[in-house]
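**Student:** After the structure tokens below, expect a handful of questions from me.
The values are calculated or read from the model by the stated rules, or taken from the named source; none is laboratory data. These numbers were taken from a predicted model, which means no experiment stands behind them. Here the Cβ positions follow ideal geometry from the backbone for every residue, glycine too, while neighbour counts run over all protein chains shown. Just the protein is used for accessible areas: all its heavy atoms, side chains included, with ligands, DNA and RNA removed. Shrake-Rupley method; radii C 1.70, N 1.55, O 1.52, S 1.80 Å.
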Amino acid sequence: REGGEEKYKASIAACYSYIGDIYRWQERYEQALQYYNEAVHIGQGPVATNGMAQIYSNIGQVKYLQGRYTESHIYLDKARESLERNGYRWGLERTEVYLALVSLADGHRDAARIHYEKAKIISEKIGNPLTEQLLRETETQLGI
């Protein structure tokens with residue numbers, strides 16, 4: 001049936017993103033990026049959902065882990081804008097803490113502090129242990 005596959009694109013993009021997550025957790029960053037980029041490719045267009053913000057955040061996180069801070073900031077900022085625009089908090093707390101870490105890596109302590117504070121406020125409501133760990137790392141780097 002013509003156009004029938006369109007309704008599955010968001011789900012297929014999510015599957016590629018989950019595979020990217022597995023590679024990220026295994027610290028196989030190039031493979032993770034391949035799957036995240038495929039998720040972005042599939043998820044574009046009329047079926048684009050708020051899940052795209054999560055994928056952009058994931059790409060930004062991997063690029064941070066690779067030391068590619070400028071690229072990381074671009075993806076994280078794109079994710080942040082989308083999450084805020086659509087009123088989503090889940091994922092925004094981790095995006096903000098990674099923006100803080102990227103800002104620290106780039107020597108922008110004031111920006112890092114602002115992103116850290118936003119992440120901390122949201123994280124207190126969500127309670128994601130992975131974000132809590134990143135917040136502690138950021139606190140150490142900020143000297144808090």
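**Student:** Can you tell me the accessible area per residue over segment 13-144, all protein chains present, probe 1.4 angstrom, in square angstrom?
**Tutor:** On the way: 6930 Å² over 132 residues.
Accessible surface, normalised per residue, equals 53 Å².
**Student:** Right, next: Report the relative contact order of the chain, percent, no decimals, based on alpha-carbon pairs under 8 angstrom and at least 6 residues apart.
**Tutor:** Normalised by residue count, the contact order of the chain is 16 percent.
**Student:** Something else about it: Keeping to pairs on different chains or 8 or more places apart, tell me how many lysine pairs in the chain have Cα atoms under 29 Å apart.
**Tutor:** Taking the chain as the scope, the lysine pair count is 10.
**Student:** Can you give me the angle between helix 29-43 and the longest principal axis of the chain, using Cα atoms only, in degrees from 0 to 90, rounded to the nearest 10?
**Tutor:** Once rounded, the angle reads 50 degrees.
**Student:** So, in nm, how far is label Asp77 from label Glu117 when the simple model puts each one 7 Å beyond its Cα toward the Cβ?
**Tutor:** 2.0
**Student:** Let me ask something else about it. Ordered by packing density, taken as the mean number of other Cβ atoms within 10 Å over each peptide's residues, highest first, how do 91-97, 79-85, 122-128 rank?
**Tutor:** 91-97, 79-85, 122-128
**Student:** Helix 51-65: angle to the longest alpha-carbon principal axis of the chain, degrees 0 to 90, nearest 10?
**Tutor:** 50
**Student:** Rounded to a whole number, what % of the accessible area of the chain do carbon and sulfur atoms account for, probe 1.4 Å?
**Tutor:** 50
**Student:** Given that just one value was derived from the coordinates, which of (1) 51; (2) 48; (3) 57 is percent of Cα pairs over 19 Å apart?
**Tutor:** (1)
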